[in-house]
Amino acid sequence: MALSRTMTSRERCQAVIRHQIPDRVPVDLHNFLATVHYAGLPMARALQDGELLAEAQLRFWKDFGHDMLMVENGVVAEAQACGCGVEYFDDGPPRVAQHILAEGLDRIDQLEVPDPFTTPPMSEVLKAVRILVRELGDRVFIVGRADQGPGALALALRGYERFVLDLALFEQPELIHKVLDFCVRVQTRYALALREAGAHGTATGGLGVSLLSPELYRSVEQPYERRFIQAVNQPDFPAALHICGDATPILAEMVATGAPILELDYKTDLRRAKEVLRGKATLLGPVNPELLWRATNPGEVEDAAREALELLAPGGEFILGPGCALGYDTPPDNIHTLIETTCKYGIYTQNGHLSHLV
Ligand SMILES: [Zn+2]
């Protein structure tokens with residue numbers, strides 16, 4: 001059923017996630033770094049300050065008018081709240097510099113699941129969500145992102161190379177599972193706090209086959225992603241699963257987590273993805289963030305957006321945006337072109353075709 005042409009951004013996103021045909025394809029932006037840069041705020045400080053995070057998101061939304069806001073602080077909130085040392089920069093994303101489990105997986109017994117309401121920077125992201133919900137209310141769909149997924153948080157806690165080696169050797173299976181179990185409890189508690197703060201949905205960043213073999217994804221990562229999704233996803237609070245890189249070999253398993261939204265990037269076989277997801281999940285993405293960062297000609301952005309629309313929009317279940325985080329200094333003109341192209345070529349007919357193709 002087609003809905004009225006006066007939908008708000010929030011209604012437009014909700015309709016898609018509920019497998020209905022909206023007036024046009026909604027647009028999301030993975031722009032937590034770009035918002036801060038665009039607002040002229042010092043990035044290192046703003047990513048740790050809920051009021052500044054909200055101010056940056058609001059400023060960006062007022063100028064660009066996208067349908068879905070993605071609120072997070074640089075995908076380090078959980079690791080930092082668990083006790084890792086994080087370095088923030090004014091000209092790039094933050095990074096985890098000290099790993100709380102560096103000395104050994106068995107240190108997991110000393111960790112406690114942080115209280116998101118009192119532990120920064122989780123508490124600051126919650127503050128940002130509260131401000132945005134108060135200012136924008138029902139007009140926009142606000143995703144309070146529950147940061148890293150189980151494997152990604154385990155990597156951050158243990159140290160990247162160390163955890164990759166732990167997985168390759170697999171000499172301490174019980175401890176590996178204990179760490180992943182801890183990570184899911186951290187993520188679940190954080191996502192539920194984001195919901196309490198008023199977020200309309202959440203997301204988690206899974207580890208895909210750019211790092212794990214498909215077998216390891218199935219046996220070690222996916223069961224924990226599934227547990228997270230099952231614990232927090234509700235009809236009125238959708239939980240998205242984000243996996244970068246080529247997710248083609250694991251699409252069915254991603255769907256099997258029960259996530260109503262899968263965030264996929266351009267490296268995935270999108271024709272295949274559309275088939276596998278049909279009737280089960282909404283595809284969010286897949287425009288290459290690097291293309292949006294480097295394009296000097298609006299035609300290049302328009303072509304990428306039109307190609308994605310014509311392949312993925314028919315029949316609904318599609319939210320267009322970058323498949324992964326935008327660079328902080330992505331040219332604003334390219335983002336305007338992305339949104340204008342969707343407003344022009346993403347209009348639906350009542351039965352879910354794109355109107356310019358009918
Ligand atoms: Zn990504």
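The values are calculated or read from the model by the stated rules, or taken from the named source; none is laboratory data. All of these numbers come straight from a predicted model, not from anything done at the bench. For neighbour counting, all protein chains shown are included, and Cβ atoms are generated from backbone atoms with ideal geometry for every residue, glycine included.
When you scan region 328-339, how many residues do you find that are in contact with a Pro (Cβ under 9 Å, 6 or more places away or on another chain), away from the ligand (no atom under 16 Å from the Cβ) and not β-branched (Val, Ile, Thr)?
Here the count works out to 4.
When only residues in region 252-283 that are within 11 Å of the ligand (Cβ to nearest atom) and within 23 Å of Thr202 (Cβ to Cβ) count, which is modelled with the lowest pLDDT?
For region 252-283, the residue satisfying everything is Asp265.
Cβ-Cβ under 8 Å, sequence separation 6+ or interchain: first residue in region 339-358 and more than 20 Å from Pro298 (Cβ to Cβ), partner part of a helix (DSSP H, G or I) and among the small types (Gly, Ala, Ser). Which pairs?
Tyr348/Ser355; Thr349/Ser355
Quick check on region 209-246: of everything there that is among the small types (Gly, Ala, Ser) and out of contact with any Asp or Glu (no Cβ under 8 Å at 6 or more places or on another chain), which residue is surrounded by the most Cβ atoms within 10 Å (Cβ to Cβ)? Talk me through it step by step, then tell me what you get.
Quick first cut of region 209-246, residues among the small types (Gly, Ala, Ser) only: 210, 213, 219, 231, 239-240, 245.
After this cut, where a residue has to be out of contact with any Asp or Glu (no Cβ under 8 Å at 6 or more places or on another chain) as well, the list is 213, 219, 231, 239.
Numbers: Ser213: 13, Ser219: 12, Ala231: 15, Ala239: 27.
The residue in question is Ala239.
Based on what the data block shows, is Val75 within 18 Å of the chain's Cα centre (by Cα), surrounded by fewer than 24 Cβ atoms within 10 Å (Cβ to Cβ) and either farther than 18 Å from Leu284 by Cα or of a type in the set (A, V, I, L, M) (or both)?
yes
Could you check, for region 36-47, whether at least one of its residues is closer than 14 Å to Lys127 by Cα and part of a helix (DSSP H, G or I)?
Our first condition is that a residue be closer than 14 Å to Lys127 by Cα; within region 36-47, this holds for 46-47.
If we keep only those that are part of a helix (DSSP H, G or I) as well, we get 46.
For region 36-47, residues closer than 14 Å to Lys127 by Cα and part of a helix (DSSP H, G or I): present.
Asn334 passes all but one of (1) touching a Phe, Trp or Tyr at 6+ places or on another chain (Cβ under 8 Å); (2) farther than 30 Å from Pro94 by Cβ; which number fails?
Of everything listed in (1) touching a Phe, Trp or Tyr at 6+ places or on another chain (Cβ under 8 Å); (2) farther than 30 Å from Pro94 by Cβ, Asn334 misses just condition (2).
For region 187-213: of the residues being among the β-branched types (Val, Ile, Thr) and closer than 24 Å to Phe141 by Cα, which is nearest to the ligand (Cβ to nearest atom)?
Here the answer is Thr204.
Check Pro238, Pro249 and return the single one that is away from the ligand (no atom under 16 Å from the Cβ), in contact (Cβ under 8 Å) with a residue 60 or more places away in the chain, over 19 Å from Leu153 (Cα atoms) and not charged (D, E, K, R).
Pro238
Here is a list of conditions, (1) without any contact (Cβ under 8 Å) to a residue 60 or more places away in the chain; (2) within 22 Å of the chain's Cα centre (by Cα); (3) part of a loop (DSSP other than H, G, I, E, B), and Gln80 meets all of them except one; can you say which number that is?
(3)
Could you tell me whether region 317-324 includes any residue that is without any contact (Cβ under 8 Å) to a residue 40 or more places away in the chain and farther than 25 Å from Lys62 by Cα?
Going through region 317-324, the residues without any contact (Cβ under 8 Å) to a residue 40 or more places away in the chain turn out to be none.
Scanning region 317-324, I find no residue that is without any contact (Cβ under 8 Å) to a residue 40 or more places away in the chain and farther than 25 Å from Lys62 by Cα, so the answer is no.
In the set Asp28, Asp63, which member is closer than 22 Å to Ala305 by Cβ, outside any loop (DSSP other than H, G, I, E, B) and within 16 Å of the ligand (Cβ to nearest atom)?
Asp28 is the lone residue from the list that is closer than 22 Å to Ala305 by Cβ, outside any loop (DSSP other than H, G, I, E, B) and within 16 Å of the ligand (Cβ to nearest atom).
So is Pro332 farther than 24 Å from Ala15 by Cβ, buried (at least 19 other Cβ atoms within 10 Å of the Cβ) and touching a residue at least 40 places away in the same chain (Cβ under 8 Å) or not? Reasoning before the result, please.
Working: farther than 24 Å from Ala15 by Cβ: yes; buried (at least 19 other Cβ atoms within 10 Å of the Cβ): no; touching a residue at least 40 places away in the same chain (Cβ under 8 Å): yes.
Against the criterion (farther than 24 Å from Ala15 by Cβ, buried (at least 19 other Cβ atoms within 10 Å of the Cβ) and touching a residue at least 40 places away in the same chain (Cβ under 8 Å)), Pro332 does not qualify.
If you scan region 315-358, which residues turn out to be in a loop (DSSP other than H, G, I, E, B) and of a type in the set (Val, Ile, Thr)?
Selection gives Thr330, Thr349, Val358.
Does region 87-110 hold any residues that are within 25 Å of the chain's Cα centre (by Cα) and free of Cβ contacts under 8 Å to residues at least 12 places away in the same chain, and which are they? Working first, answer last.
Of all residues in region 87-110, those within 25 Å of the chain's Cα centre (by Cα) come to 87-100.
Residue satisfying the conditions is Glu87 alone.
Can we say Tyr217 is within 16 Å of the ligand (Cβ to nearest atom), in a helix (DSSP H, G or I) and of a type in the set (Ser, Thr, Tyr)?
Yes: the conditions hold for Tyr217.
Could you list all residues from region 335-355 that are buried (at least 22 other Cβ atoms within 10 Å of the Cβ) and among the small types (Gly, Ala, Ser)?
Gly346
Among the residues of region 152-208, write down those that are surrounded by 18 or more Cβ atoms within 10 Å (Cβ to Cβ) and outside any helix (DSSP H, G or I).
The answer is Gly159, Ala197, Ala199, His200, Gly201, Thr202, Ala203, Thr204, Gly205, Gly206, Leu207, Gly208.
For region 285-327, what are the residues that are within 16 Å of the ligand (Cβ to nearest atom) and surrounded by fewer than 21 Cβ atoms within 10 Å (Cβ to Cβ)?
Asn288, Glu290, Leu291, Trp293, Gly327
Do we find that Asp115 is over 16 Å from the mean Cα position of the chain (by Cα), farther than 24 Å from Glu196 by Cβ and of a type in the set (D, E, K, R) in this structure?
no
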